[in-house]
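**Student:** The structure's right below; bear with me while I get my questions together.
The values are calculated or read from the model by the stated rules, or taken from the named source; none is laboratory data. Quick caveat, the model's predicted, so the values are computed rather than measured. Virtual Cβ from ideal backbone geometry, glycine too; neighbours counted across all protein chains shown. For the accessible areas, the whole protein counts, side chains as well, though only heavy atoms, and no ligand, DNA or RNA atoms are used. Shrake-Rupley method; radii C 1.70, N 1.55, O 1.52, S 1.80 Å.
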Amino acid sequence: MSDFGFLNTHRKWEDWCGMILGALIVVSPWFPIREPTPIVGNETTILNAIAVGLVVFGVSQLEYVALQRWQEFATILVGFWLIASPYALGYSDAGFLRIYHTSLGGVVVLLGILQLWQDWDLSDQDLLRHGQ
C-alpha cells in the first residue's frame with residue numbers, strides 16, 4: 001500500500017509555488033494574447049490583477065517564514081475573488097484574460113485547500129517549526 005505522507009506535510013515548495021503564482025497573476029494582463037485585447041485602458045482590471053497577485057505573493061512569503069492558519073484562508077478567499085473578478089469587474093468578455101484569471105484563481109484555491117488540509121491538525125508549536 002502506498003504512503004500518502006507526501007500530501008500530509010506542508011512543504012517549502014508549496015510556498016514557492018504560491019509566490020510564483022502571485023508573480024504570474026501580477027503579469028497576467030500582459031500575457032501574450034492572440035486577439036485584440038479589450039483590457040487596454042481598463043485600469044481597474046490591471047490594478048485588480050496587480051493587487052491580487054501581490055496578496056498571493058505576500059501571503060505565500062509569510063507562509064514561508066511563519067506559518068499560520070489564517071494565511072491559508074486568505075489564499076482561498078483571494079483565489080475565489082480572482083475567479084469571480086472577470087464577472088464582477090466586467091471583463092468576462094476579455095477571452096484569454098478571463099481564462100487566465102479563472103484558471104490561476106482555481107490553482108490558488110486548490111493550493112490553499114491543500115495547505116489548509118495539511119495544517120489543520122497541527123498545534124501552534126508545529127506551525128512555528130515550519131520555518132526551520
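**Student:** Give the range 74-112 a look and list any residue that's open to solvent by 20 Å² or more (accessible area, probe 1.4 Å) and of a type in the set (S, T, N, Q), or say none.
**Tutor:** Answer for the range 74-112, where residues must be open to solvent by 20 Å² or more (accessible area, probe 1.4 Å) and of a type in the set (S, T, N, Q): 92, 102, 103.
**Student:** Can you report the number of residues in the range 55-74 which are over 9 Å from residue 15 (Cβ atoms) and outside any helix (DSSP H, G or I)?
**Tutor:** Summing the residues that are over 9 Å from residue 15 (Cβ atoms) and outside any helix (DSSP H, G or I) in the range 55-74 gives 2.
**Student:** Quick check, is residue 78 modelled with pLDDT of 90 or more and aliphatic (A, V, I, L, M)?
**Tutor:** Considered against the rule, which asks whether it is modelled with pLDDT of 90 or more and aliphatic (A, V, I, L, M), residue 78 comes out as yes.
**Student:** Tell me yes or no: at least one residue of the range 113-122 is part of a helix (DSSP H, G or I), open to solvent by less than 70 Å² (accessible area, probe 1.4 Å) and either at pLDDT 90 or above or of a type in the set (Val, Ile, Thr) (or both).
**Tutor:** no
**Student:** Got at least one residue in the range 52-62 being open to solvent by 30 Å² or more (accessible area, probe 1.4 Å), of a type in the set (Val, Ile, Thr) and at pLDDT 90 or above?
**Tutor:** Checked against the condition, which is being open to solvent by 30 Å² or more (accessible area, probe 1.4 Å), of a type in the set (Val, Ile, Thr) and at pLDDT 90 or above, the range 52-62 yields at least one hit.
**Student:** Return the residues of the range 89-111 that are small (Gly, Ala, Ser), more than 13 Å from residue 28 (Cβ to Cβ) and at pLDDT 90 or above; say none if nothing qualifies.
**Tutor:** Correct list: 106 only.
**Student:** Under 6 Å by Cβ, and 6 or more places apart or on different chains, what pairs join a residue from the range 70-83 that is within 21 Å of residue 29 (Cα to Cα) with one that is assigned to a helix (DSSP H, G or I) and of a type in the set (Ser, Thr, Tyr)?
**Tutor:** 83/102
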